[in-house]
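Participant: Before we start, here is the structure in question, set down as structure tokens.
Every number in this text was worked out from the coordinates using simple rules, so none of it is lab data. The structure displayed is predicted, hence computed values, not measured ones. Reconstructed Cβ throughout: ideal geometry from the backbone, glycine too, with neighbour counts over all protein chains shown.
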Amino acid sequence: MRLEPAEARRRFAASPVLRLATADADGRPHVVPCTFVVDEVGRVAIGIDNKPKSASSGLRRLRNIAANPHVSMVVDQYADDWTQLWWARAEGLAKIEESGASHAGYWDLLRGKYPQYAGQILDGPVIVTEVGSWTGWTFA
């Protein structure tokens, strides 16, 4: 059964992790799991934190967004009882914020959602997506 956009957004925002799909200028896809928040107007923000990464300033997801801002993000619930299955997707245009009041505000929202960020210096880039569509599906 198709989810209404508001319900897809609600389930999406409540999830702990999303999968971010980007593509480079030639259309080569790349998918990576990310922590995230949905702000009060429905933008999705993904912070690039200080966890060990290979060359975090040159992450493929950041390079892809710079070349092609179209992104797709999905969250889901899987269960052996398939009547509990659902997924929600957000699609839109992403940009990369590196400083400023909204950049700091997104890090504050991320700290509020993820207690693991307590005590960390969080000043890396933030991917901010203006969502153009919320879609989803549920078994029941």
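Participant: Considering (1) surrounded by fewer than 17 Cβ atoms within 10 Å (Cβ to Cβ); (2) without any contact (Cβ under 8 Å) to a residue 12 or more places away in the chain, say which one Arg111 fails and leave the rest.
Facilitator: It fails just one condition, (1).
Participant: Looking at the range 52-61, can you tell me whether even one residue there is among the charged types (D, E, K, R), part of a helix (DSSP H, G or I), within 13 Å of the chain's Cα centre (by Cα) and over 24 Å from Trp137 (Cβ atoms)?
Facilitator: Checked against the condition, which is being among the charged types (D, E, K, R), part of a helix (DSSP H, G or I), within 13 Å of the chain's Cα centre (by Cα) and over 24 Å from Trp137 (Cβ atoms), the range 52-61 yields at least one hit.
Participant: Follow-up. Is it the case that some residue within the range 34-43 is in contact with a His (Cβ under 9 Å, 6 or more places away or on another chain), crowded, with 17+ Cβ neighbours inside 10 Å and of a type in the set (A, V, I, L, M)?
Facilitator: No: the range 34-43 contains no residue that is in contact with a His (Cβ under 9 Å, 6 or more places away or on another chain), crowded, with 17+ Cβ neighbours inside 10 Å and of a type in the set (A, V, I, L, M).
Matching residues to (1) out of contact with any Asp or Glu (no Cβ under 8 Å at 6 or more places or on another chain); (2) outside any loop (DSSP other than H, G, I, E, B):
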{"position": "Glu40", "(1), (2)": "yes, no"}
{"position": "Asn64", "(1), (2)": "no, yes"}
{"position": "Val71", "(1), (2)": "no, yes"}
{"position": "Thr83", "(1), (2)": "yes, yes"}
{"position": "Trp107", "(1), (2)": "no, yes"}
{"position": "Leu122", "(1), (2)": "no, no"}
{"position": "Gly136", "(1), (2)": "no, yes"}
{"position": "Ala140", "(1), (2)": "yes, no"}
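Participant: Which condition does Val17 not pass, out of (1) surrounded by fewer than 13 Cβ atoms within 10 Å (Cβ to Cβ); (2) without any contact (Cβ under 8 Å) to a residue 24 or more places away in the chain; (3) under 26 Å from Pro115 (Cα atoms), if it passes all the others?
Facilitator: Of the numbered conditions (1) surrounded by fewer than 13 Cβ atoms within 10 Å (Cβ to Cβ); (2) without any contact (Cβ under 8 Å) to a residue 24 or more places away in the chain; (3) under 26 Å from Pro115 (Cα atoms), the odd one out for Val17 is (2).
Participant: Shifting gears a bit: Assuming Arg111 fulfils every condition listed in (1) under 17 Å from the mean Cα position of the chain (by Cα); (2) of a type in the set (Lys, Arg); (3) closer than 30 Å to Ala140 by Cβ apart from one, which condition is it?
Facilitator: So Arg111 meets the others, but not (3).
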